[in-house]
């Protein structure tokens, strides 16, 4: 049962964006459309799984003295490989994500998980943790871009990241009510701010309820 | 004249934090005291300026010549990390008081998206050396201005009666959003 | 002893990461290059007809407003010439630019001239930049010779000639 | 796999780990020992809760 907990916590309890506030740079920048969010999520999942697995495999071999530098080299190599593969096989997605694919290297989720989890746990646990965290990141990024695209363009559209021409679903019901602010950077900050406020609201309410229960 | 418009463009118009999202993590993490924000700004300005020149030179005179341009990402991240370690060591040795003010921020700069972002942009935008140096100066100055202003606002946020669920990071993000609106307002300047 | 252990570990890490990167590079680079020139392939083949390979050349074109892209034509490893993709504003206005390819061959002549799009030009006047007489006035001439414009379509043809001059200047600075 | 790739990689990693070790071994000036090691990524949590935070509270009270 413990294994499932590792996986589950990455999704909600310790969601990398909403709870740990890691990787905000890319989370705000690429959430202008669901396709970008899905593509970025997949890239982060790939890099995170590979880096967690490799680092947990090597954790006993890496001299403790130079732990962080070696992690940085491993992660940078993996990210560059993913970047080249995306450039070759998913060119449309590669163009729209732009500089934020190489910026995954400094995305704190990867280095953070490598340092705090992968370097201390077994391969299977690290894999599950990476999967949980990666899906948590993708879920969070999809939620942000759901609101931003819906409010910003009055519609939603999801293309197949591997083949830009194939539309999975698309509708723009109320495009006259679109608030274009939300596709711009300002909207990203406000959207994420409101989502975090909502989560904090739920947490505060839960604590109050627990306190009342104790008082009774 | 073209360099001046590049400078203003990078400092204000497409400011690194508010419209390119490069350094959001430090923006939220920066302390509430404007003086500390400025210290962090100086550290970041020095590192980005030197890093953007060094990475530009290495890319154009080493990677391109040896035809190993696929090593650009790993070269940049290692150069930036080495630079940060060197600066930290240099400060520890020569001026403890500056180290006390800026020391805690230096390790954060390695994972700062702005430093790597500027290095990558200098190459993808095809700048020459002077333009890369100007960008290496304009971007961190824009960053410093934003985090300084942001720190002063956050001081007042603590005493403002913010709704319970908005306290802390949410209100900081909303404030950053409003600042981004202001910066977007002068988009047509350059 | 400790330094030796670190140095050894270092070499292994550098080697593995370098090997991984270069093998992925060798796997993906051809696909990327192919995609880059795919859009222009059918026009490039009209100029260099004897089966040359084409490669998109990464160069800084910010000082040449008309130049959009540079392709290197080579066969058997030896460079035959460079093809510039130019986009200039003709009589039809900036929204519908004249887009064309001008090829500068290593033997010092203009090897080819292919118009990709001149739909914005008025028929019978600006559209003459597509016709054979204008093309004959370019192809075969030595690089740097002046090219005469078309009477009755001076705006469009001089815009095209200006683009060719920019390509020539870039060629002489970078590839001569 | 061009030899240059390996040579350049080795040089880069050597320089980085060289500066990293040199930095680790230079002692922190006195009065700064309490600053917790905020390296890597926990920058948000770190600037909020770390020793850095305490000296802020000291000034405010």
Cβ neighbours within 10 Å, averaged per peptide: list D:13-20, B:76-83 in order, most packed at the top. B:76-83, D:13-20
When the Cα centres of region A:38-106 and region A:1-20 are compared, how far apart do they sit, in Å? 21
Using a ≥ b ≥ c from the Cα gyration tensor of chain B (square roots of the eigenvalues), is it rounded, prolate or oblate, where a/c under 1.5 gives rounded and otherwise the larger of a/b and b/c decides, a/b for prolate? oblate
Computed, not fitted: 222 nm per-residue ellipticity of chain C from DSSP H runs ≥ 4 (each -39500 (n - 2.57)), nearest 500, equal to -14500 deg cm²/dmol
Cα gyration tensor category, rounded, prolate or oblate, for region C:53-176 with a/c compared to 1.5: prolate
What's the whole-number percent of alpha carbon pairs in the protein assembly as shown lying beyond 37 angstrom? 43
Measure nothing but the geometry: give the 0 to 90° angle between the long axis through the Cα atoms of B:169-185 and the longest principal axis through the Cα atoms of chain B, rounded to 10°. 70
Once every DSSP H run of n ≥ 4 in chain A is given -39500 (n - 2.57) and the sum is divided by its residues, what mean residue ellipticity at 222 nm do you get, rounded to the nearest 500 deg cm²/dmol? -21500 deg cm²/dmol
To the nearest whole number, what is the average tally of beta carbon atoms from other chains within 10 Å of the beta carbons of peptide B:165-172? 6
Tell me the angle of helix C:2-47 to the major Cα principal axis of chain C, expressed in degrees between 0 and 90 and rounded to the nearest ten. 20
Given A:133-141, B:43-51, C:9-17, C:131-139, the highest-first ranking by average Cβ count within 10 Å works out to A:133-141, B:43-51, C:9-17, C:131-139
Find the centroid of the Cα atoms in region A:175-196 and in region B:103-127, then give the distance between the two in whole Å. 27
Length-normalised contact order of region A:85-216 in % [C-alpha pairs under 8 Å, at least 6 apart]: 19
Cα long-axis angle, helix B:129-159 against chain B (0 to 90 degrees, to the nearest 10): 20
Rank the residues B:102, A:50 as a footprinting-exposure proxy: fewest other Cβ atoms within 10 Å of their Cβ go first. A:50, B:102
Can you grab the distance from the C-alpha centre of region C:6-65 to the C-alpha centre of region B:8-33, Å, no decimals? 34
Looks like chain A, by Cα gyration tensor root eigenvalues a ≥ b ≥ c and the a/c under 1.5 rounded cutoff (else prolate when a/b is bigger than b/c, oblate otherwise), is oblate
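All of the numbers you see were taken from the coordinates with simple rules; none came from a lab. Since we're looking at a predicted model, the values are computed, not measured. Heads up, the Cβs are rebuilt from the backbone with ideal geometry, glycines too, and the neighbour counts pull from every protein chain shown.
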